[in-house]
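Every number in this text was worked out from the coordinates using simple rules, so none of it is lab data. Owing to the predicted nature of the structure, the values given are computational and were not obtained by experimental measurement. With ideal geometry, Cβ positions are generated from the backbone for all residues, glycine too; neighbour counts draw on all protein chains shown.
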Amino acid sequence: MKKGQEYTGRVENIKFPNKGVVVPLSETGEVCAEEGICIVKNVIPGQKIRFRVNKKRSGQCEGMLLEVLSRSPMEIDSACAHFGSCGGCAYQTLSYEDQLRIKEQQVHELLSPVITQKLKDENGETVDIRRMFEKIVPSPMQFGYRNKMEFSFGDASPGGPLELGLHKRGSFYDIVSCRSCRIVDDDFRMILTETLAYFRGKETTYFHKRTHEGYLRFLLVRKAAATGEILIDLVTTSQTPPDTICTQKSLLEDWTDMLLELKLSGKIAGVLHTVDDGVADAIVNDHTDILYGRDWFNEKVLGLTFRITPFSFFQTNTLSAEVLYSKVREYVDIALADPDKEQGKKSKVVYDLYSGTGTIGQLMSTKAESVIGVEIVEEAVKAANENAELNGLHNCRFVAGDVLKTLDEIEDKPDLIILDPPRDGINPKALAKIINYGVQSMIYISCKLTSLARDMVTLIDGGYFPVRICPIDQFPATSHVETVVLMGKTVTRSKSHVDLA
């Protein structure tokens with residue numbers, strides 16, 4: 001295959017994340033094996049497609065989808081009117097069973113080679129890893145599950161009317177007003193629709209990525225699954241709207257009044273205004289004002305209450321997060337189990353690293369004499385300590401700082417470490433420090449398989465053996481999957497593997 005040329009091909013399978021493996025076809029429909037394969041995003045196994053090769057490096061081709069010539073036998077009609085144009089979802093035309101099968105297969109395909117290449121038994125033969133993998137756990141809800149959305153202001157084409165929604169598939173600039181989005185509930189859709197109508201009516205400008213001029217940037221909406229409380233945050237630049245419209249104060253006051261009159265199923269806990277003058281296409285909080293109510297809302301998870309602030313990390317699928325945390329609890333029990341000692345043994349010190357608002361640490365507090373959480377976002381740490389106090393958990397302490405530096409400042413050494421890093425995984429230097437503690441077990445929670453696979457290589461080299469691996473689908477209709485891994489020391493691999501597994 002040559003760069004710039006168009007081809008017809010068949011999608012064989014999908015590799016993580018959302019990378020279709022396409023084989024080119026001849027005019028008679030025969031596979032042209034000598035042409036190699038091409039990686040094309042946003043496709044489904046079994047489709048016949050037309051694509052263009054736009055990259056070729058070291059024999060590896062990457063292409064862009066031009067047209068689906070025939071549907072896959074797996075495909076169904078999408079429940080979302082925006083699917084195909086919006087870049088938010090990848091699997092809306094697959095049954096949920098097929099989505100789960102693909103994600104489970106990707107977990108096996110990415111992690112199995114890492115383990116088998118690194119681990120050999122005493123005779124030099126590959127270790128049997130099949131029993132490590134648990135069956136993927138589905139999300140309790142397939143639609144309307146998200147508790148947080150960051151909508152962007154922009155336009156669908158240059159010079160077009162104001163839009164509010166998600167980025168168009170494959171575009172950095174164009175916005176799709178996803179007013180019928182299926183992965184959020186009616187309250188999200190109503191808030192988006194009415195906010196767009198309001199600012200269109202005021203002819204309010206939006207921030208242009210090229211010129212760095214304009215006012216409106218993002219609309220952040222968060223909603224608690226258990227309490228129904230809603231937090232709404234309008235993110236703008238510090239540039240003032242044109243005086244011909246109205247003052248900024250009256251613009252925001254009228255918008256707030258409009259929101260409070262909406263007939264929502266949930267209850268608005270707070271309306272905020274955040275200023276962000278950065279150039280990146282992500283929210284950076286320069287300053288936040290409360291326009292109504294408060295700057296946090298309450299959520300309940302597995303019997304505990306958590307106070308969530310606008311920018312603190314919290315799992316985006318609350319009901320599935322309960323499944324995730326229950327699995328972590330199960331793995332903690334396995335890690336602490338010792339047939340030679342009393343039942344219900346507690347770990348002395350548990351580290352909850354990359355702790356966010358402290359959900360995992362607090363939920364594990366009954367398993368430890370002391371929990372120490374580390375999180376770089378100060379707002380999240382403040383909320384975590386407040387949450388621990390709110391829940392009467394006096395054995396939890398959360399510290400603000402980068403894990404790499406902060407670990408040197410903590411005197412209490414861990415007996416068990418739980419890791420829930422951001423998508424890009426763990427800083428290699430921080431991971432080396434974590435390994436050097438020499439704890440008997442670690443639990444690694446990851447929302448990005450490639451980062452997990454990379455860090456797992458380092459953990460195995462550092463003496464840790466994967467004992468249990470469980471995929472959990474927290475993101476239906478998308479290509480993402482959460483994975484929980486229990487790892488134990490390999491110095492007693494034969495015995496510990498039997499005991500733990």
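If R0 equals 45 Å, the separation of the Cβ atoms of ASN298 and ARG50 corresponds to a calculated FRET efficiency of about 0.30. Computed from the C-beta positions of TYR173 and ASN285, the FRET efficiency with R₀ = 25 Å rounds to 0.60. Per-residue Cβ neighbour counts within 10 Å put TYR145, TYR96 in the sequence TYR96, TYR145, beginning with the fewest. Measuring between their Cα centroids, the stretch 203-234 and the stretch 131-168 lie 15 Å from each other. Residue separation of ARG130 and GLU330 scaled by 0.36 nm, minus their Cα-Cα distance, works out to 70.0 nm of gained length. Remark: relative contact order (the stretch 292-389) = 28 percent; criterion is Cα-Cα distance under 8 angstrom and separation of 6 or more residues.
Taking all Cα-Cα distances within the stretch 359-405, those exceeding 16 Å account for 31%.
Ordering PHE172, PHE143, PHE297 by the number of other Cβ atoms within 10 Å of each residue's own Cβ, fewest first, gives PHE172, PHE143, PHE297. One decimal place: the segment GLU194-THR305 gains 36.9 nm when fully extended, by the rule 0.36 nm per residue minus the C-alpha distance. Only helices reaching 15 angstrom along their own axis (Cα) with mean Kyte-Doolittle hydropathy no lower than -0.5 count here, and for the DSSP H runs of the chain these are 186-201, 248-260, 318-336, 449-461. With the simple model of a label 7 Å out from the Cα in the direction of the Cβ, HIS212 to GLU97 spans 5.4 nm. Kirkwood radius, the chain, all distinct C-alpha pairs, inverse of mean reciprocal distance: 24.8 Å. Multiplying each eigenvalue of the alpha-carbon gyration tensor of the stretch 367-501 by 5 and taking the square root yields semi-axes of 24, 20, 16 Å, largest first, rounded to whole angstroms.
For ALA453, what charge total do you get from the other residues with a beta carbon under 14 Å from its beta carbon, if Lys and Arg give +1 and Asp and Glu give -1? Don't skip to the answer; put the middle values down first.
Details: positive: LYS15, LYS118, ARG423, LYS448, ARG454; negative: GLU109, ASP424, ASP455, ASP461.
Spelling it out: positives minus negatives among the neighbours equals +1.
Where both bridge residues fall in the stretch 148-301, DSSP classifies roughly 75% of the beta bridges as antiparallel. One chain, two ends: SER58 and ASP77. Fully extended at 0.36 nm per residue, the span grows by 3.0 nm beyond their Cα-Cα distance.
Sort MET149, MET132 so that the residue with the fewest other Cβ atoms within 10 Å of its own Cβ comes first and the one with the most comes last.
So the residues, fewest neighbours to most, are MET132, MET149.
A crude spin-label estimate for the pair GLU389 and GLU411, with each label 7 Å from Cα along the Cβ direction, gives 2.3 nm. Using the Cβ of ASP276 as centre and a radius below 12 Å, the other residues enclosed give a net charge of -4, where K and R count +1 and D and E count -1.
For the stretch 6-70, the calculated P(r), taken from all Cα-Cα distances in 10 Å bins from zero up to the bin holding the longest distance, is 25, 62, 14, 0 percent.
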